[in-house]
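Structure, as structure tokens:
Each value in this text was obtained by applying a stated rule to the coordinates, not by laboratory testing. Owing to the predicted nature of the structure, the values given are computational and were not obtained by experimental measurement. Because the Cβ atoms are built from the backbone with ideal geometry, glycine has one as well, and the counts that use them run over all protein chains shown.
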Amino acid sequence: MRLAALLLALACAATPSLACDYPGPPPNSPEARADTGDIRWAGYSDATTRYAHGVLGDAVEAGGLRVMAGLNGPCELSVILPEHSVFEDTGPRIADLDGDGRNEVIVVESHRDLGAALAVYGLRDGALTKLAATPNIGRTNRWLAPIGIADLDGDGAIEIAYIDRPHLAKTLRVWRWDNGALTEVAAGAGATNHRIGEADIAGGIRDCGDGPEMIVADANWRDVLAVRLQDGTLTSRVLFPHNGRASFIRALACRD
């Protein structure tokens, strides 16, 4: 994670009678915003070098997560991770995973001995709280790269997709959010969305009119793939040869 991405200029109203002052972060800083729901802004904080993995291009990661909640202050809430963990991520993501009007924040959280996990945070009893997480990969310096968040199979439940170890195992995993818990519903090898040292994650989720598709690369970075989830099974098709980030922009814009 780039050091500049963690220098967040945070401001918040001092009393409930004043409107929340949402921060204007420096260029290229990782942030997420939402127009509805309780959490309206999320960003990382507390830069640290205590986890020397450097998968995103440097050794600086985040030790804290901050959110701005509601429309009136005081509105800033935060969580600081223990010394054994960091947020090893390109930026937090905000989504209402169950349609209850309360937003969740989806992050990559890494443990110094156990590697990465996908974690979900939300507001409970006035505090920013970890609601659920996938198991850690199980070994230090093992990472996962999120693809996106959507109802991938049209059943009304929201799924979160990521590539487990995009440089090694290259396995696409899909987890469903249901009743406040994460359940793995599908997995398939042979896909990736990141190379060591890149500051961003390639691809994402698109809907070209016939349902969501996950856009990733094949394991050898030869082709751009569109992957669907249907009846608990992942199926992929080749869109066109991979030719840098422009290939993913083209795919996400449905220009295939």
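A few remarks follow.
- Cα-based values for region 143-255, radius of gyration first and Dmax second, are 13.1, 41 Å.
- Ranking of Thr140, Thr90, Thr233 by neighbouring Cβ atoms within 10 Å, starting from the fewest: Thr233, Thr140, Thr90.
- Of the trypsin sites (Lys or Arg not before Pro) found in region 168-198, the ones in coil according to DSSP and having at most 16 other Cβ atoms within 10 Å of their Cβ are Arg195.
- Three principal axis lengths of the chain [C-alpha, angstrom, descending]: 54, 39, 32
- For region 54-166, the average shadow cast by the Cα convex hull is 7.9 nm², which is a quarter of the hull's surface.
- If you take all other residues with their beta carbon under 14 Å from the beta carbon of Ala226, and give Lys and Arg +1 and Asp and Glu -1, the sum is -1.
- Highest average packing first - 247-253, 208-214, Cβ atoms within 10 Å: 247-253, 208-214
- Extension gain, Lys130 back to Glu198 (0.36 nm per residue minus Cα-Cα distance, nm): 21.7 nm
- Max mean-square fluctuation residue, GNM over the chain, Cα-Cα springs under 10 Å, options Arg102, Arg50, Arg124: Arg124
- Within the listed set Leu77, Leu97, Leu65, the residue fluctuating most in the Gaussian network model of the chain (springs between alpha-carbon atoms under 10 angstrom) is Leu77.
- When the chain is treated as a Gaussian network with alpha carbon springs shorter than 10 Å, the biggest mean-square fluctuation among Val60, Val238, Val108 belongs to Val238.
- Most tightly packed first, judged by the mean number of other beta-carbon atoms within 10 Å of their residues, the peptides 223-230, 115-122 read 115-122, 223-230.
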